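The values are calculated or read from the model by the stated rules, or taken from the named source; none is laboratory data. Computed from a prediction, not measured in an experiment: that's the story for all the values here. Neighbour counts run over all protein chains shown; Cβ positions are idealised from the backbone, glycine included.
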Amino acid sequence: MSHFPNGFLWGGATAANQYEGGWNEGGRGPALTDVTTGGTVDTPRMITWIDKYGSPHASPSHGFTLPEGASYAVLEDYYYPNHKGTDFYHHWKEDIALFAEMGFKIFRMSISWSRLYPKGIEEEPNQEGIEFYRNVFKELKAHGIEPLVTIWHFDTPLYIEEQMGGWANREVIDLFIRYATTCFEEYKGLVKYWLTFNEINNTIMFLDMAGAAADERYTEAYQILHNEFVASAKAVQIGHAIDPDNRIGCMICGICNYPLTPDPDDMLAFQRAWEKNIFYCGDVQCKGEYPIFARRLWNEHNVHLDITEEDLKILKEGTVDYYTFSYYMSNAVTTHEMDEKAGGNGVMGARNPYLEYSDWGWALDRDC
C-alpha cells in the first residue's frame, strides 16, 4: 500500500501522568506516579517513601511493595518529572492549536483518575477536574481532532494504593467503575473512542525485571490482572449502555520477540513469550475468556486465583470493540547462555546480531 486509506486517523499520543502537570492543582489528589522519580537508561525510576519511623527512602519502582507501616511521600532533592510534564494543564489551548497545525485528526490522551476523584473513594467527582477535561475535548473538536481517551494510564490514586493495596483488592473494581461511569456520562457526545487500561500486560511482562519473581508475586500479578479484566469488561458494558456510539478498546504493550536461533528450544521459548506477554491479556479482553494456555502459565508458578462464575460471565459479555498496541522495539529470546544482552524501556534479552541499536538500547527493526 503506497498511501493511507481515506478516513485514516493520523495523530499523536500522550498520557496525563507524563505530560499534563498541575499535579497538585485544581483539586487533584496525588497518584502513584507522583511519588515516582525520573530515571535514565542506566538509572531506574524510584518510588519515594517514609518508613514507620519517619526515615526517607527511595526504591526501584519495578517490583516495589510498600513496607508495613510505611507511607508514600514526595521528598526534597528528588526530581519528579510527572509533577510538571510539559505543563499541558496550563497550555492546553496553544498545544491543541499546534496539534491542528501539524494535521492531527486524532489525539490520544488520558484522564487522571485522581483529578476527578482525588482519593478515588469519593461519592461525587471533583467538578473542577470534570470541567478541565470537558474544555479540552471541546477545543479538540473545534479543531477537527477526535479525542481517543484512556481511562487508566498507570495513575491509580495514591490513597487506593496506600490504604487499600491497589488493584490486588477487588474493592477497587467498583471504585474504578464509578470513575469510568462518570467519564462516559460527562463526556457523552464529546468522546467516542475509549481505551480502558493502558498496556495492561505490563503487570506480567515486567515481573522478572529484578530477577526471578517468587510464586507469591506471580499470584498477586495474575490476580491484579483478573481484577482489571473484570473492571474493563464492566466498563465496556456500561460505556455501551450510556452511549451506543462509544467504541471501547484494549491497549497492549506490543514489544515483540524473535527467537535468537532456530533451535527448537528457542522457538518454544519465543512462542511462550508471546503467549504470556501479549496473547494472554489480548485474548481475555477480545474473546471474553481465558486462553487454553492460561492454566499452564498459572501452574508454572503455583498460581491460584479468586475467579467467580459471575466474573467469567462479565468477561464474556464485556469484550472490547477494537485492539490497540504500542510498539517500541523488539527483543530476542534464547534458552542458551547469552554472549551479549541488550534491551531498553524495561525489557532485556539477547542482543540480535541482525539489528542496530539506539543509544537507549532499543533494537531498531528494519522497514518492511
Completion exercise
Of (1) within 30 Å of I173 (Cα to Cα); (2) assigned to a loop (DSSP other than H, G, I, E, B); (3) out of contact with any helix residue (DSSP H, G or I) (no Cβ under 7 Å at 6 or more places or on another chain), Y354 satisfies every one except (1)
Handout entry: Odd one out for A273 among (1) in a loop (DSSP other than H, G, I, E, B); (2) within 17 Å of I204 (Cβ to Cβ)
Key = (1)
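Answer with yes or no whether G85 is touching a Lys or Arg at 6+ places or on another chain (Cβ under 8 Å) and either in contact (Cβ under 8 Å) with a residue 60 or more places away in the chain or assigned by TED's automatic domain parsing to the domain that holds W194 (or both).
no
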Exercise for the section: Test each condition in (1) aromatic (F, W, Y); (2) modelled with pLDDT under 95; (3) closer than 22 Å to Q18 by Cβ for Y218 and report the one that comes out false. Expected result: (3)
Practice task
Could you please tell me which pairs satisfy a Cβ distance under 7 Å, a separation of 6+ or placement on different chains, a first residue in segment 103-126 that is at positive phi and assigned by TED's automatic domain parsing to the domain that holds I145, and a second residue that is surrounded by 23 or more Cβ atoms within 10 Å (Cβ to Cβ) and not basic (K, R)?
Solution key: G120/W113; G120/S114; G120/P157; G120/I160
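For segment 245-260, how many residues meet the condition of being closer than 17 Å to N352 by Cα and either modelled with pLDDT of 95 or more or crowded, with 19+ Cβ neighbours inside 10 Å (or both)?
Residues of segment 245-260 closer than 17 Å to N352 by Cα: 255-260.
Then keep just the ones that are either modelled with pLDDT of 95 or more or crowded, with 19+ Cβ neighbours inside 10 Å (or both); that gives 255, 257-260.
The number of residues fulfilling the criteria is 5.
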Problem - Failed item, numbered, when D321 is tested on (1) surrounded by 17 or more Cβ atoms within 10 Å (Cβ to Cβ); (2) assigned by TED's automatic domain parsing to the domain that holds I151 - result: (1)
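Being of a type in the set (A, V, I, L, M), touching a residue at least 60 places away in the same chain (Cβ under 8 Å) and closer than 30 Å to I204 by Cα is the filter here; which residues of segment 127-178 pass it? Walk me through it before giving the result.
Step one: of segment 127-178, the residues of a type in the set (A, V, I, L, M) are 130, 136, 140, 142, 145, 148-149, 151, 158, 160, 164, 168, 172-173, 175, 177.
Next, from what is left, pick out any that are touching a residue at least 60 places away in the same chain (Cβ under 8 Å): 145, 148, 151, 158, 173, 177.
Result: L148, I151, L158, I173, I177.
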